[in-house]
Amino acid sequence: DTIQTLLQNQIAYARSHGLGKLDIADMGREKTAMNALREVVDGSIQKRLDEFKLRIDLVNKQKNNLIWALVIGTAAGIAIFLAGTVMIIRLEDENEAIEDENQRAELRFRTVMNGINDGVYEINFVNETMYMSKELKAMLG
């Protein structure tokens, strides 16, 4: 508003006094008006620069927050991956131990069954299979 008012005053003055007919006093007034205009423009430029600096600071803070989020997310992902790997290894070890125990129990069962010379059979309705010991097969012929 100040700039527009100043320019309108200069145009009105030039129209009323004629173009190119300025004296020393008029030049002093014009110089003072131009200095005032320069201060207004410099203030406006400084205000915009300050706003721009604030926006840059805000963007830098957001960029730093994003970088920290990526670092923390990556670290958490690695930790979850390692925990999952450890869990899988532990489950595989437990599975191997259970399979070994099962094989030993089956070996003991077969040894006992062969030692007592009795016939044994088992019907598995889930798998639709049937197991018969050698002794039972020998008894049945």
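The values are calculated or read from the model by the stated rules, or taken from the named source; none is laboratory data. Note that the structure is predicted; figures quoted are calculated from it, not measured. Heads up, the Cβs are rebuilt from the backbone with ideal geometry, glycines too, and the neighbour counts pull from every protein chain shown. In case anyone asks, the SASA skips ligands and DNA or RNA and just uses the protein heavy atoms, side chains included. Shrake-Rupley method; radii C 1.70, N 1.55, O 1.52, S 1.80 Å.
General remarks:
- Rounded to the nearest 10 degrees, the inclination of helix 24-116 to the longest alpha-carbon principal axis of the chain is 0 degrees.
- C-alpha long axis of helix 2-17 to longest principal axis of the chain, angle in °: 20 degrees
- The number of Lys pairs in the chain with C-alpha atoms less than 22 Å apart, excluding pairs fewer than 8 positions apart on the same chain, is 4.
- To the nearest 10, the accessible area of LEU66 is 100 Å² with a 1.4 Å probe.
- About the Cα centre, charge dipole magnitude for the chain (Lys/Arg +1, Asp/Glu -1 at Cβ), debye: 1300 debye
- Sulfur and carbon atoms: percent of accessible area, the chain [1.4 Å]: 62 percent
- Length-normalised contact order of the chain in % [C-alpha pairs under 8 Å, at least 6 apart]: 11 percent
- Tail beyond 14 Å, pair distance distribution of the stretch 66-141 (Cα, percent): 77 percent
- Looking at the chain, the accessible area is 88 square angstrom per residue; that uses a 1.4 Å probe and ignores ligands, DNA and RNA.
- Structure-based [θ]222 nm, the chain - -39500 (n - 2.57) summed over DSSP H runs of at least 4, per residue, nearest 500: -30500 deg cm²/dmol
- Area accessible to solvent at MET130, 1.4 Å probe radius, in Å²: 110 Å²
- The stretch 45-71-the stretch 91-141 distance, computed between alpha-carbon centres (Å): 74 Å
- Distance between the 7 Å Cα→Cβ label points at ALA33 and ILE45: 2.2 nm.
- Selection among GLN46, ALA36, ALA138 by position relative to the dipole of the chain gives ALA36 as farthest towards the positive end (Cβ unit charges, Cα centre).
- With all pairs of different C-alpha atoms in the average, the Kirkwood value for the hydrodynamic radius of the chain is 25.9 Å.
- Think of the stretch 16-141 as a dipole: +1 on every Lys or Arg Cβ, -1 on every Asp or Glu Cβ, centred on the Cα centre; then among LEU107, ALA76, ASN95, ALA76 lies furthest on the positive end.
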